[in-house]
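S.K.: Before anything else, here's the structure in question.
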2 protein chains.
Amino acid sequence: MKTDLIALATRYIPVLDWGRSYSRDALHNDLMAAVIVTIMLIPQSLAYAMLAGLPPEAGLYASILPIILYAIFGTSRALAVGPVAVVSLMTAAAVGQVAEQGTAGYAIAALTLAAMSGAILLGMGLLKLGFLANFLSHPVIAGFITASGILIAASQLKHILGISASGHTLPEVLWTLVEHLGDADPVTMVIGVGATAFLFWVRKGLKPFLIARGLKPKLADVAQKAGPVAAVVVTTLIVWGFGLADRGVRIVGDVPQSLPPLTLPSFDVDLLRALFVPALLISVIGFVESISVAQTLAAKKRQRIDPNQELIGLGAANLGAGFTGGYPVTGGFARSVVNYDAGAETPAAGAYTAVGLAIAAMALTPLIYFLPTATLAATIIVAVMSLVDFSILKTAWRYSKADFAAVAATILLTLGFGVETGVSAGVILSILLHLYKTSKPHVAEVGLVPGTQHFRNIHRHKVETDPAVLTIRIDESLYFPNARFLEDYVLGRVVEGGPIRHVVLMCSAVNVIDFSALEALEALNRRLKDMGVTLHLSEVKGPVTDRLEKTHFLQDLTGRVFLSQYDAWVALTAAPPPAKAAG
Amino acid sequence: MKTDLIALATRYIPVLDWGRSYSRDALHNDLMAAVIVTIMLIPQSLAYAMLAGLPPEAGLYASILPIILYAIFGTSRALAVGPVAVVSLMTAAAVGQVAEQGTAGYAIAALTLAAMSGAILLGMGLLKLGFLANFLSHPVIAGFITASGILIAASQLKHILGISASGHTLPEVLWTLVEHLGDADPVTMVIGVGATAFLFWVRKGLKPFLIARGLKPKLADVAQKAGPVAAVVVTTLIVWGFGLADRGVRIVGDVPQSLPPLTLPSFDVDLLRALFVPALLISVIGFVESISVAQTLAAKKRQRIDPNQELIGLGAANLGAGFTGGYPVTGGFARSVVNYDAGAETPAAGAYTAVGLAIAAMALTPLIYFLPTATLAATIIVAVMSLVDFSILKTAWRYSKADFAAVAATILLTLGFGVETGVSAGVILSILLHLYKTSKPHVAEVGLVPGTQHFRNIHRHKVETDPAVLTIRIDESLYFPNARFLEDYVLGRVVEGGPIRHVVLMCSAVNVIDFSALEALEALNRRLKDMGVTLHLSEVKGPVTDRLEKTHFLQDLTGRVFLSQYDAWVALTAAPPPAKAAG
């Protein structure tokens, strides 16, 4: 009983498992990783909070308790949880619909969204609904991420130009940018464009540059990661030194010096209702992003990720964000890879990062008073441009037109109508395309390949056929979307074609026959009987037979069920091969 | 060119085909059938109009032009088009939401609904979208028809009791009935209960009774079909003779003596928007009902029904109803079977029926002035009770729990929340259940059956396995809902189990690999590579291979693609059989 409880607790609280064998080595590695990740996270957290339309401290708050809660409940040893670009954009879109940016209501709506998302993720985890994330097909995710990257970059241009713009779709954002282009501030532009160019160079050119100058690759790597911090420090000093804040350059300004505050999500029913669908979408998108990263990193160490436990971990993290002044969080790709590369061995590394960020929130916020928002925008633009990848369009087009349609529709709808419409339409479209495809399955009329026991498509191969025997191979499970199709196809074929006396359905690729398909088969059997034609089945799989045996169908069937198509051929054709007599 | 035009015209206007060979014999048979069907249709049309909340003449109008238009454009030679019970109920539910029963707006909304439904059906036919009807799975239709039967019968009880009641869900109807039970009119109840009992007896007992008394079965059959007419005549005479209309018995009253009027549907955008979803549901339900009947009857004569042309025929019929004071119509089961049994040979029988009904509309309407509504309610109740069939619940339960869930949910939601919610929820639930099932496909670890080249499930059969080779057979196409499942399953299995060096995916039941599944396979390949495990495929189908060859996957694959699983076994296991050397 007691051991059962421990097993149960260990299952739902993985920290009880890895925490017991925590070694001195692991502590050292985790601490090292935490320092590197903390440095990287400070500007990133501030920038993503700005993207979400929130004050910069919200980004720090969203990185502290969520990391600790994920460390306790999550299964990935390397995942770093916190604000990420796409979820920040989705937060801005969702909260922007219910509150004005900059108001107290906006911050409350954002943390309520986090709490709802946490509850949804937790519920999905406890009900083991992790499979729901599968309905975001790869083309939809790829299209969505690319379109989001473009939307995010476009939405940050206003900070680079020093003007105001708004909107949650690309036409809106571009239109308001163009409208205010005359107000562009030259000083801000110099800082913004300079920071962007610098950061792009850091990303692409700094490491080879340093290595060429004799620096060790590992140190060059650290220098590259410190690039955004350097941009922050330098531009802050420039703004402070030249008094640019008084000359129109927008700065971060006052940020409260405190630990994350204890906050309560709103329980206003109208607000909860308005945020429900966005919270669901954010949960699923966040989960998919997070689990992809977690699985990639886990596989490298032959570790296992439990998707349902991941839901619980992310759920706890988002609830934590909701109660400490944050906004929706998830496992981010960039920070997790840095964490992993820096040698993090256990989720404790995340906890140490949280401590580092807490210290930053308490002690360092006055230092960023003069940090220009243009620099933060530059870090966002450089980060998200790596998400934009149109090659998926070409790859999908080559592979399958249906997948291409899903990518293209998701990209266009996300850009044109916003993130929620884009991703919802993408999911619905993928499901409809799949249903459409299976509703018209590949069906082949087959004949015997001479000298063998194989049956092949009569239109592709030279095969023997018998005008009285029509054999049809169905390359799809039989279920309601295609149930009537088969009936129509077979009846049409029998009406048009010659002296058919037997119809054989070859079921080697039929994995399931559902109730609708069973009814359709019964109807087909009756209708063929009315026409004086006998219906047979061949190569029916075990599980399908088991199910058919629970019904009257096999008794009512006018013909027989043959183990193999060759048996059917031998039994039904007028001229059986000499080796075997007709059944 | 000219013959092409004729072929095209014949395809879309089937009357041009059968009309040219119309014989004297066919004329005679069609006329006989028309007389019988006309007699049966008069009370039925009045009753269904009442069910739809419309004045009785609307039922006659809806039976005249639609029948003629279907005769021109439809492909079934026996289908009788007109008002049917379920569509009448759906009309009442839809129109009741936008107009008050008894007002001019109500009748206009009803004919607008018919015109919209006609346009939708016609559009679906021209775009060849007939397959959409497949998404109404058999369990959903069966549950919906049963629940509708109950709802219809309950809604007619008020006429039997002589009280008023309303509502579009079972609780509403029953509640308002109970509320007004004190107002029940005893005389109306005698007529209503008497007519119901008589009609039930006619249906079940009259034919055996007459045959036992020496009547020929064919005549007994005609007598049975004339039962409702007898009930109408007798109760009308009773009400007239005893002056019961003045004593509280509700009667049909004045019905205009005229041919169907020319009417125009409304083009009010708000109305069209409000009626769009109901019109779509009515179209699809009507189409499914109609095509089932048409196919059943056509199969008996080895005739072909073209589903897309049926859509055009039904679309024309509904447009006709919309422009001649009717309401949505479809091919009814009862009337079509009567038409067929009475010997109708061509759609011309329908045209003659239309003439008969037109005469009735012009000449006979004064005769039904004293017809009590209780009698019409009785004919409806007796007709719809044959639709109610709970055995589907038991059958579906035995066959598959998912199908049972779809039936049960459709019945409960239709009864509890009305027809539109019921059928929509049923469709969505069937799709979700299907997606859920395919998202967790049957997967088996297989081993070699000793002495053969067959591979079977290691948990069901005594088979040879090799601890270094994990072979997994997937019994489902690989696509987005299950793409991640396979990845999780294989990675989990590799992490937990022993010294695995090779993973073989046996793809004999994989009909499709979509782009998401391809990405998942690529990820699986990379992750297994990270773990030092090689990934192989076996028994990949031709079309699947064709598609994979368009990608880099086969080049990147760490292992090989084997033609058969046995080849894979021979190549990968340490101890190959003597007959063949390891690959």
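S.K.: What FRET efficiency comes out for the pair A:Thr452/B:Tyr436, r = Cβ-Cβ distance, R0 = 60 Å, nearest 0.05? Kindly include the intermediate steps, with their values, before the conclusion.
M.R.: Details: r = 40 Å, r/R0 = 0.67.
Between A:Thr452 and B:Tyr436 the formula returns 0.90.
S.K.: From Cα coordinates alone, what are the radius of gyration and Dmax values for the stretch A:443-572 in angstrom?
M.R.: Every Cα atom of the stretch A:443-572 included, Rg and Dmax give 13.6, 39 Å.
S.K.: Any idea of B:Arg11's accessible area? Nearest 10 Å², probe 1.4 Å.
M.R.: Surface accessible to solvent at B:Arg11 totals approximately 120 Å².
S.K.: Related question: Largest first, how would B:Leu275, A:Leu262 line up by accessible area (1.4 Å probe)? Let's see the in-between values first.
M.R.: Working: B:Leu275 0, A:Leu262 155 Å².
From most accessible down to least: A:Leu262, B:Leu275.
S.K.: Of all the stretches in chain B, which is the longest one without any exposed loop site, taking GluC sites (Glu not before Pro) in a DSSP loop (any state but H, G, I, E, B) with at most 16 other Cβ atoms within 10 Å?
M.R.: Working: sites that count: B:Glu100, B:Glu549.
The segment B:101-548 is the longest one with no such site.
S.K.: Report the far tail of the P(r) of the protein assembly as shown, meaning the percent of Cα-Cα pairs longer than 54 Å. Working shown, then result.
M.R.: Numbers: 238401 of 679195 pairs.
So the pairs more than 54 Å apart make up 35 percent of the total in the protein assembly as shown.
S.K.: For B:Val277, A:Val81, write out the residues from largest to smallest accessible area, computed with a 1.4 angstrom probe and no ligands counted.
M.R.: Values: B:Val277 80, A:Val81 5 Å².
Most to least solvent-accessible, the answer reads B:Val277, A:Val81.
S.K.: Still on this structure, please answer the following. For A:388-401, what's the mean count of beta carbons from other chains sitting within 10 Å of each residue's beta carbon? Spell out each step's value before the answer.
M.R.: On the way: counts 0, 0, 0, 0, 2, 0, 0, 6, 2, 0, 3, 10, 7, 0.
The shielding value for this peptide is 2.
S.K.: According to the square roots a ≥ b ≥ c of the eigenvalues of the Cα gyration tensor, what is the shape class of the stretch B:1-104, taking rounded for a/c under 1.5, prolate for a/b larger than b/c otherwise, and oblate for the remainder?
M.R.: Taking the square roots of the gyration eigenvalues as a ≥ b ≥ c, the stretch B:1-104 is oblate.
S.K.: List the distances, in nm and shortest first, from the label point of B:Asp270 to the matching label points in every other copy, placing each point 7 Å from Cα along the Cα-to-Cβ direction.
M.R.: Relative to the other copies, B:Asp270 has label-point distances of 2.2 nm.
S.K.: Starting from one equal scatterer on each C-alpha and no solvent at all, send me the Debye-based log10 I(q)/I(0) for chain A at q = 0.12 Å⁻¹, two decimals.
M.R.: -1.09
S.K.: Ok, one more. Please go through the residue pairs A:Lys462/B:Lys301; A:Lys300/A:Lys437; A:Lys440/B:Lys225; A:Lys550/B:Lys216; B:Lys204/B:Lys394 and name each one whose alpha carbons sit more than 30 Å apart in this structure. Can you show the working numbers first?
M.R.: Values: A:Lys462/B:Lys301 34 Å; A:Lys300/A:Lys437 36 Å; A:Lys440/B:Lys225 41 Å; A:Lys550/B:Lys216 41 Å; B:Lys204/B:Lys394 25 Å.
The pairs that break the limit, which is 30 Å between Cα atoms, are A:Lys462/B:Lys301; A:Lys300/A:Lys437; A:Lys440/B:Lys225; A:Lys550/B:Lys216.
S.K.: Another question about this same structure. Return the average number of partner chain Cβ atoms within 10 angstrom of each residue Cβ along peptide A:431-439. Can you show the working numbers first?
M.R.: Working: counts 6, 2, 1, 10, 7, 2, 5, 7, 4.
Counting other chains' Cβ atoms within 10 Å and averaging over A:431-439 gives 5.
S.K.: Any idea of B:His28's accessible area? Nearest 10 Å², probe 1.4 Å.
M.R.: Roll a 1.4 Å probe over it and B:His28 shows about 120 Å².
S.K.: Then there is this: Across every pair of different alpha-carbon atoms, what Kirkwood hydrodynamic radius in Å does the stretch B:40-80 reach?
M.R.: Kirkwood hydrodynamic radius for the stretch B:40-80: 10.8 Å.
S.K.: Now for a separate question. Using a probe radius of 1.4 Å on protein heavy atoms only, what is the accessible area buried between chains B and A, both sides summed, to the nearest 100 Å²? Could the numbers behind the result be given before it?
M.R.: Values: alone 27360 and 27310 Å², together 48580 Å².
Approximately 6100 Å², summed over both chains.
S.K.: Between A:Val193 and the same site in the other copies, what are the distances in nm, shortest first, taking label points 7 Å from Cα along the C-beta direction?
M.R.: 9.3
S.K.: Checking the cross-link filter: which aspartates and glutamates have an alpha carbon closer than 17 Å to that of B:Lys401, excluding same-chain neighbours under 8 positions apart?
M.R.: A:Asp514, A:Glu519, A:Asp546, A:Glu549
S.K.: Considering only protein heavy atoms, what per residue accessible area in square angstrom results for chain B with a 1.4 angstrom probe?
M.R.: Details: 24310 Å² over 583 residues.
With all protein chains present, chain B gives 42 Å² per residue.
S.K.: Do the sum for the protein assembly as shown: with -39,500 (n - 2.57) for every DSSP H run of n ≥ 4, divided by all residues, what is the mean residue ellipticity at 222 nm, to the nearest 500 deg cm²/dmol?
M.R.: Details: 50 runs with 716 residues, N = 1166.
Rounded to the nearest 500, the figure is -20000 deg cm²/dmol.
S.K.: Based on C-alpha coordinates, I'd like the Rg and Dmax of the stretch A:302-403, in Å.
M.R.: Gyration radius and largest Cα-Cα distance of the stretch A:302-403: 18.5, 55 Å.
S.K.: From the label point of A:Val35, set 7 Å along Cα to the beta carbon, how far off in nm is each other copy's matching point, shortest first?
M.R.: The answer, with the shortest distance listed first, is 10.6 nm.
S.K.: Between the helical axis of B:307-323 and the dominant principal axis of chain B, each derived from Cα atoms, what acute angle in degrees is found, rounded to the nearest 10?
M.R.: Tilt of helix B:307-323: around 30 degrees.
S.K.: In addition: Under a point-charge model restricted to the Cβ atoms of Lys and Arg (+1) and Asp and Glu (-1), what is the dipole moment magnitude of chain A relative to its Cα centre, in debye to the nearest 20?
M.R.: On the way: 42 positive and 40 negative charges, 327 e Å.
Magnitude of the dipole: close to 1580 debye.
S.K.: Here's a follow-up. Which one of A:Met506, A:Val463, A:Ser477 is farthest out on the positive end of the charge dipole of the stretch A:443-572, using unit charges on Cβ (Lys, Arg +1; Asp, Glu -1) and the Cα centre as origin?
M.R.: Farthest along the dipole direction, towards plus: A:Val463.
S.K.: Loop-only check: which trypsin sites (Lys or Arg not before Pro) in the stretch B:248-308 are DSSP coil with at most 15 other Cβ within 10 angstrom? Can you show the working numbers first?
M.R.: Working: sites: B:Arg250, B:Arg273, B:Lys300, B:Lys301, B:Arg302, B:Arg304; in loops: B:Arg250, B:Lys301, B:Arg302, B:Arg304.
Hits after loop and neighbour filter: B:Lys301, B:Arg302.
S.K.: To the nearest 20 debye, what charge dipole does the stretch B:161-261 have about its Cα centre, counting +1 at the Cβ of each Lys and Arg and -1 at the Cβ of each Asp and Glu?
M.R.: Details: 9 positive and 7 negative charges, 182 e Å.
Taking the Cα centre of the stretch B:161-261 as origin, the dipole is about 880 debye.
S.K.: Taking every eigenvalue of the Cα gyration tensor of the stretch B:269-331, multiplying by 5 and rooting it, what semi-axes result, largest first, whole Å? Each step should come with its number before you reach the end.
M.R.: Working: eigenvalues 139, 29, 15 Å².
Calculated on Cα positions only, the semi-axes equal 26, 12, 9 Å.
S.K.: Also, I was wondering about something else. Treating the Cα atoms of the stretch A:39-186 as identical point scatterers in vacuum, please give the log10 of the normalised Debye intensity I(q)/I(0) at q = 0.13, 0.14, 0.20 Å⁻¹, two decimals.
M.R.: -0.70, -0.80, -1.43
S.K.: What does the average come to when, for each residue of peptide A:526-533, you count the partner chain Cβ atoms lying within 10 Å of its Cβ? The partial results should precede the final answer.
M.R.: Values: counts 3, 6, 2, 1, 7, 5, 1, 1.
Mean number of neighbouring Cβ atoms from other chains: 3.
S.K.: Residues of the stretch B:269-317 losing 30 Å² or more of accessible surface, assembly versus chain alone, probe 1.4 Å, please list them.
M.R.: Correct list: B:Gln295, B:Ala299, B:Lys300, B:Arg302, B:Arg304.
S.K.: Shape call for the stretch B:24-63 from the C-alpha gyration tensor, a ≥ b ≥ c root eigenvalues: rounded (a/c under 1.5), prolate (a/b greater than b/c) or oblate?
M.R.: Working: a/c = 5.18, a/b = 3.36, b/c = 1.54.
Prolate shape, in that a/c is at least 1.5 and a/b is the bigger ratio.
S.K.: Another question, if that's okay. How would the stretch A:483-528 be classified by its alpha-carbon gyration tensor: rounded, prolate or oblate, with rounded meaning a/c under 1.5 and the a/b versus b/c comparison settling the rest?
M.R.: Taking the square roots of the gyration eigenvalues as a ≥ b ≥ c, the stretch A:483-528 is prolate.
S.K.: Also: If you roll a 1.4 angstrom probe over the protein chains with everything in place, what fraction of the accessible area of the stretch A:23-403 belongs to carbon and sulfur, to the nearest %? Before the final figure, lay out the partial values.
M.R.: On the way: 10340 of 15040 Å².
That share works out to 69 percent.
S.K.: If ligands, DNA and RNA are left out, what is the accessible area of B:Val187 with a 1.4 Å probe, given in Å² to the nearest 10?
M.R.: Rounded to the nearest 10, that gives 40 Å².
S.K.: Express in nm, to one decimal, how much length is gained between B:Tyr369 and B:Arg398 on full extension, taking 0.36 nm for each residue of separation and deducting their alpha carbon distance. Don't skip to the end; give the middle numbers.
M.R.: Values: separation 29, 0.36 × 29 = 10.44 nm, distance 5.12 nm.
Taking B:Tyr369 through B:Arg398 to full extension adds about 5.3 nm, to one decimal.
S.K.: For the stretch B:305-355, state the semi-axes of the equivalent ellipsoid (square roots of 5 times the eigenvalues of the alpha-carbon gyration tensor), sorted largest first and rounded to whole angstrom.
M.R.: Numbers: eigenvalues 77, 42, 21 Å².
After scaling each eigenvalue by five and taking roots: 20, 15, 10 Å.
S.K.: Please state the charge dipole magnitude for the protein assembly as shown, taken about the Cα centre, from unit charges on C-beta atoms (+1 on K and R, -1 on D and E), reported in debye and rounded to the nearest 20.
M.R.: On the way: 84 positive and 80 negative charges, 577 e Å.
For this selection, approximately 2780 debye.
The values are calculated or read from the model by the stated rules, or taken from the named source; none is laboratory data. Everything numeric here is computed off the predicted structure, so don't read it as measured data. Backbone-built Cβ (ideal geometry, glycine too); neighbour counts: all protein chains shown. Note: areas computed on protein heavy atoms with side chains; ligands, DNA, RNA excluded. Shrake-Rupley method; radii C 1.70, N 1.55, O 1.52, S 1.80 Å.
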